[in-house]
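Report on one structure; see the data block that follows.
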Amino acid sequence: MPLLAFGINHKTAPVAIRERVAFAPPQLSDALHQLTTLPAVQEAAILSTCNRTEIVCCLEEDRSQEVVDWFQHYHNLQGGEIGPYLYLHPDQFAVRHLLRVASGLDSMILGEPQILGQMKEAYLTALKNGTVGTLLGRLFQHTFAVAKQVRTDTAIGSSPVSVAFAAVSLTKQIFSDFSKHTALLIGAGETIELTARHLRENGIGRMIIANRTVEKAHTLATEFGGFAISLGDIPDHLAEADLVISSTASQLPILGKGAIERAIKQRKHRPMLMIDIAVPRDIEPEAGELDDVYLYAVDDLQEIIQEGLRSRQEAAKQAEEIIENQVARFMGWMRSLDAVATIRVFRDNADALRDQELNRAKRLLARGMPVDEVLFQMARALTNKLTHAPSAHMRQAGFEGRSEVLDIARELFDLKDPHS
C-alpha cells in the first residue's frame with residue numbers, strides 16, 4: 001500500500017498560491033470524505049496552515065495522479081496553475097518529510113514548535129472523520145514520538161531565533177521567577193502576540209497590553225489572560241511593570257524619559273527592564289541613562305538571535321540523523337506487514353494439524369488405548385506432518401544445488417550449519 005505526501009509550502013509557493021489551496025476548518029470534514037471516496041485512496045489526512053497545505057494518504061496502488069487531480073479540481077485550479085509549486089513524496093520520502101515537518105526542520109523558523117501542534121490537530125480531525133486507519137495511525141504516532149525525541153535529544157528549540165523569543169530569553173536571564181513579575185506589552189501586532197505567547201508559556205505573573213486601538217488590545221489580552229489599556233493609560237500603569245516590551249508602528253516615541261523617571265520613583269527604584277523592538281524606536285534612548293532602568297533596543301538582540309541560529313543549525317544536523325534512523329525503522333515495520341498474511345496462513349495450517357491429531361488421539365483414548373502410547377503416536381504424527389513439507393523442499397533444493405534455499409532454511413528454523 002503506497003504512501004504519498006504532497007502539497008505546497010512557503011518554500012515552493014508564494015502566499016497568493018498558498019491561500020488559494022488552503023482548507024478552512026469547516027471544509028476539512030467534507031474534503032476528507034471526498035478524498036477517501038476516490039477508489040485509489042484508503043486513508044487520508046490534511047494539514048493546512050498559513051505556510052503549507054499538505055495531504056498524506058495511503059493508496060491502494062501507485063495512482064498519485066488521481067489524488068493530485070482531485071486536489072486541483074477541489075480548489076478550481078488548472079494543472080498549469082498549481083503544478084510548478086507541488087511536491088510529491090512517495091513511501092519512505094513521505095515518512096522522512098513528515099518527520100522533518102513535525103520536528104520543525106521544514107519550517108520558516110528553524111525548529112519552531114507550533115507545527116507539531118498543528119499536525120496533531122490534523123491527525124485528530126482525520127481520526128474524528130474516520131479517514132485514518134492502521135497505517136496512517138501508526139505513521140502519525142511514530143511522527144509525534146520522533147518529534148518529541150528530537151526536542152529532547154537536541155537543542156533544536158532551545159535557542160532564540162526571533163526577536164520576540166530573543167526578548168523573552170533576555171528577560172529570563174534577569175528575572176528568575178516570572179510568576180512574581182508584571183509585563184507591560186505595548187502594541188498588538190504579530191511580534192507582540194508572539195511575545196505574549198512566550199511570556200505566558202514561561203509563567204508570567206501578570207500581563208498588561210496597551211494599544212492605540214483598545215479593542216485590538218482587549219482581543220489579545222483575552223487570549224493570553226491579560227489586561228487591556230489604551231496608549232494614553234500607560235502612565236497610570238507604568239509603575240506596575242517590571243518588564244516593558246514595546247513594538248508599535250509609531251513614528252514618534254511612545255514613552256519619554258520623564259514618564260519613565262516618574263514610574264521608577266513610584267516603584268521606589270525597583271529595577272525595570274525595557275526592551276524596545278520597534279523601528280523607529282518607541283522608547284526615548286535617554287531613558288537608558290536612568291538608574292534602575294535597563295533599556296535594550298532591537299540591535300542589542302541580534303547577537304542573541306545569531307547565536308540561536310547557529311545553535312539550531314547544529315542541532316538540526318543531529319535531528320537529521322535521528323530522523324534517518326527512524327525512517328528506516330518505520331519502513332521496516334511497513335515491510336513486516338507483507339509477512340503478516342503468510343504468517344497467519346502458516347499458523348492456521350499448524351493449528352489445523354494440531355486439531356486433527358488431537359481429535360485422533362481422543363478417539364484412540366476412547367477405545368481404551370494406553371495414554372502413553374496415544375501421546376507418543378500423536379507427538380510423532382504431529383512432528384512428521386509439521387516437518388514434511390519443509391524437509392521435502394530442502395531435499396529438492398539440495399538436489400538442484402540451490403544452496404541459498406538451505407541458507408534461508410537454517411536462518412528460518414534457527415539451525416546450525418552442519419558443515420561448520
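Computed values, structure above
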read-out	value
Condition check for residue 222: under 27 Å from residue 114 (Cα atoms), out of contact with any helix residue (DSSP H, G or I) (no Cβ under 9 Å at 6 or more places or on another chain) and not hydrophobic (A, V, I, L, M, F, W, C)	yes
Of all residues making up the stretch 83-97, the number that are under 25 Å from residue 329 (Cβ atoms) and either hydrophobic (A, V, I, L, M, F, W, C) or part of a helix (DSSP H, G or I) (or both)	8
Check on residue 188, of a type in the set (Gly, Ala, Ser) and either within 21 Å of residue 48 (Cβ to Cβ) or part of a loop (DSSP other than H, G, I, E, B) (or both)	yes
Index of the failed condition, residue 124 passing every other in (1) in contact with a helix residue (DSSP H, G or I) (Cβ under 9 Å, 6 or more places away or on another chain); (2) of a type in the set (A, V, I, L, M, F, W, C); (3) farther than 30 Å from residue 306 by Cα; (4) part of a helix (DSSP H, G or I)	(1)
Within the stretch 231-273, considering residues that are within 23 Å of residue 172 (Cβ to Cβ) and touching a Gly at 6+ places or on another chain (Cβ under 8 Å), the one modelled with the highest pLDDT	246
Single residue of the stretch 1-18 satisfying the filter (within 22 Å of the chain's Cα centre (by Cα) and assigned to a loop (DSSP other than H, G, I, E, B)) that is surrounded by the fewest Cβ atoms within 10 Å (Cβ to Cβ)	11
Number of the exception - residue 383 against (1) farther than 26 Å from residue 411 by Cβ; (2) part of a helix (DSSP H, G or I)	(1)
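The values are calculated or read from the model by the stated rules, or taken from the named source; none is laboratory data. On a predicted model such as this, the values are computed, not experimentally measured, just so you know. Because the Cβ atoms are built from the backbone with ideal geometry, glycine has one as well, and the counts that use them run over all protein chains shown.
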